[in-house]
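The values are calculated or read from the model by the stated rules, or taken from the named source; none is laboratory data. Small disclaimer: the values here were computed from a predicted structure and weren't measured. All Cβ positions, glycine included, derive from the backbone under ideal geometry; neighbour counts span all protein chains shown.
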Amino acid sequence: MDQLMSVGPRRRPRCYVLWLAALVTFAAVSVVLTTGRSTASVARPGYSCLSSTALGARPSGATEVRFDGFELRVVVAPTTSSGAPSASVLVVSGSQRHWVLPKPRDLRVSTLDQLCLVRFHQGAVPDVIMEGFTGGAHCCQQPVFYAFDGLHSRYDKVVDLTAATSALRVAWDANGGFAPMRVGGQILLRTEADHFAYAFGCYACTPMPIQLDTFGAGGLRDVTGQHPLLVAKEAAQLRKLAVAQANAASSNQFVGSGPFGPLAAYVADSCVLGRGDAAWKVVARLQRQGKLPTQLFRTETAFPRGSFATNLRTFLLKDEYCVGQIG
């Protein structure tokens, strides 16, 4: 039978111990320099925001957002002659450093309504989102996105939507702006594709397809198609609403602008999922059943001619939502 012999603790060579101690010290110092934290525990994706509720009560003076050892401080200048405040200084502090952020290009807001520190990627110094609202019933948010450049230890203004001529390659909701949300281990920005607004009904009764973005030094990137469960959940809700409105429209009991807005957004979401053909069959069936009355469509929307199905097909293909998926 084999026997176990107690031989006491094994000694490691002295040089090995010294090398290991140096390695641990180097790792600890690296963590402090890159994350501003004294331990290597954790610089996971996350965020902290002040919303319009918190910010609306203090449209001037100093405002602070804190997240994971970092602080965003925004000092708002006195109101201008037009009565609108403008951000004068944006400062992020952390890692025993502070960074002054570049000013927005043309901030013309009646109030700031969102300030966020967002860590999109593990281990990174958080990025910054600032949004202001110009006022009015439906318009407009003026978001500004800052990404931290670790190589040069500075913040770069990557997306500035304050200027009237601002252009963005991804769709977004100029009325609602961007809302950070946690999806699994990721932080995404939720907004909506607002070129659907007003297209198939009044503003308040025209749902818009979900849009999910991530952010980095290259700007905003559309990742909606990478999250089919979220898109499918919204598509199911829109289909239920659209069918209910279509049934009501046939008896002239519809609400708002009828089924057209929900149905358009449902088909768009379905095309993101690669299910445009199935969604289009729903449209065709409702059209055959007389539940998408052409006269009602023309009355409730800005389309002076053609049926709902005809105009929706043109609209979706023009914006490359459903290419190859609908007839």
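When residues of the range 110-129 are filtered for being surrounded by fewer than 23 Cβ atoms within 10 Å (Cβ to Cβ) and outside any strand (DSSP E or B), how many remain?
Of the residues in that region, 6 qualify.
So which residues in the range 230-263 are out of contact with any Gly (no Cβ under 7 Å at 6 or more places or on another chain), surrounded by fewer than 23 Cβ atoms within 10 Å (Cβ to Cβ) and farther than 29 Å from residue 181 by Cα, if there are any at all?
243, 244, 247, 248, 251, 252, 253, 254, 255
With respect to residue 325, is the statement that it is surrounded by 16 or more Cβ atoms within 10 Å (Cβ to Cβ) and in contact with an Asp or Glu (Cβ under 6 Å, 6 or more places away or on another chain) true?
Judged against the criteria, residue 325 is a match.
Looking only at the range 242-263, how many residues end up being over 24 Å from the mean Cα position of the chain (by Cα) and modelled with pLDDT of 90 or more?
Matching residues across the range 242-263 total 8.
Can we say residue 274 is part of a loop (DSSP other than H, G, I, E, B), surrounded by fewer than 22 Cβ atoms within 10 Å (Cβ to Cβ) and at pLDDT 90 or above?
It is true that residue 274 is part of a loop (DSSP other than H, G, I, E, B), surrounded by fewer than 22 Cβ atoms within 10 Å (Cβ to Cβ) and at pLDDT 90 or above.
Out of everything in the range 53-75 that is more than 18 Å from residue 119 (Cα to Cα) and modelled with pLDDT of 60 or more, what residue ends up being farthest from the chain's Cα centre (by Cα)?
75
Every residue in the range 274-297 that is of a type in the set (Gly, Ala, Ser) and under 18 Å from residue 254 (Cβ atoms), please.
Listed by number, the list holds a single entry, 290.
Mind listing just one residue for me: the one in the range 294-316 that is basic (Lys, Arg) and within 18 Å of residue 206 (Cα to Cα) and, of those, surrounded by the most Cβ atoms within 10 Å (Cβ to Cβ)? If you could, list the steps in order and put the result at the bottom.
First pass over the range 294-316, keeping only residues basic (Lys, Arg): 298, 305, 313.
Among the residues that remain, those that are also within 18 Å of residue 206 (Cα to Cα) are: 298, 313.
Working: 298: 16, 313: 18.
By that ranking, first place goes to 313.
Which members of the range 286-320 meet the condition of being in contact with a Gly (Cβ under 9 Å, 6 or more places away or on another chain), among the aliphatic types (A, V, I, L, M) and part of a helix (DSSP H, G or I)?
Residues satisfying the conditions are 296, 316.
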